[in-house]
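K.L.:
I'd like to ask you about the structure that follows.
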Amino acid sequence: MIYSNKSMTKQLNKLSNEDFLFDVKQFIKSSHNFYGKKNPEIKTLASRLHQEYELRSFYNVFNKLWSSNYHNERSLAIHTLEIYKEDYDKDTWRFLIPKLKEIKDFDEAERIGIIIGEMIIKYPALKREILKISNRRNVYYRKIALSSCLPLIKTKDWDFVFMIIRNRIHDRESNITEFIVFLLIELSKKNKTLVKKFIISNRNVNNNIFNITARNFDDINRIKKLNNYYNNSSIFEWLNNN
């Protein structure tokens, strides 16, 4: 049976703290798209979990959902944990460490990376750990490190964000290079000058990253064409200094 959002909310309101986790599964559909960002049902479920549990108590709920190995339940666990960002502390980091090696796809890696990024804002010392993670062979660890930069873009932590991107600029995994392009475009919305200088200084490292990102910079595209025509690198040097 599929419940409407209104009906589901009414049913959830009848549940006690004790049996909420058990009964919540009846509202989880089998569709992979159930946990889309715009789906009102996941927001209802996550919000109710957030209301029922303080962060420390929610860790046990997270573990039960996470260990189910079902995509929907793991997604609900992550989505709910995101709501607690004002309450993150060092215990949250210690709680997540063993989960990192259990991540199964890029979506999980990205969402958990964003959670970690919020923790970095509170505890800058975690940057050392993220730098280590960015060099791991496990591709999901590398995606976590890059995703942690998203909250830091909002706080204009340029040095660290560019450090992580530069650390992965040679990465051959397509999902990683695509995400680097996404980060550079997001960065350009905040500081176009820094991004322009970055992609020019790294123009020979990864053609895909350079070419796709450069589309957002008319002057780079124009001078890139001139540079190719005249085969004169000094044109790029002039642009880099202006």
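The values are calculated or read from the model by the stated rules, or taken from the named source; none is laboratory data. Not measured: the values here are computed from a predicted model. Using ideal geometry, Cβ is built from the backbone for each residue, glycine included, and neighbour counts are taken over all protein chains shown.
K.L.:
Residues to consider are Y140, Y123; find the one that is closer than 25 Å to R56 by Cα and modelled with pLDDT of 95 or more. Write out each step before concluding.
P.N.:
Values: Y140 fails: closer than 25 Å to R56 by Cα.
After ruling out the rest, the residue left standing is Y123.
K.L.:
Output the residues belonging to segment 105-144 that are small (G, A, S) and farther than 13 Å from F179 by Cα.
P.N.:
Of the residues in segment 105-144, the ones small (G, A, S) are 109, 113, 117, 125, 134.
Result: G117, A125, S134.
K.L.:
Select from segment 15-73 the residues that are hydroxyl-bearing (S, T, Y), modelled with pLDDT under 50 and under 24 Å from D87 (Cα atoms) and list them in ascending order. It would help to see each step written out before you state the result.
P.N.:
Going through segment 15-73, the residues hydroxyl-bearing (S, T, Y) turn out to be 16, 30-31, 35, 44, 47, 53, 57, 59, 67-68, 70.
Now restrict to residues that are modelled with pLDDT under 50: 16, 30-31, 35.
Result: S16, Y35.
K.L.:
Only residues that are under 20 Å from G117 (Cα atoms) and of a type in the set (S, T, Y): list them for segment 39-83, please.
P.N.:
Y59, S75, T80 - these are the residues of segment 39-83 that are under 20 Å from G117 (Cα atoms) and of a type in the set (S, T, Y).
K.L.:
Just a yes or no: is a residue in segment 220-240 surrounded by 15 or more Cβ atoms within 10 Å (Cβ to Cβ) and either closer than 23 Å to S134 by Cα or modelled with pLDDT of 60 or more (or both)?
P.N.:
No, because not a single residue in segment 220-240 is surrounded by 15 or more Cβ atoms within 10 Å (Cβ to Cβ) and either closer than 23 Å to S134 by Cα or modelled with pLDDT of 60 or more (or both).
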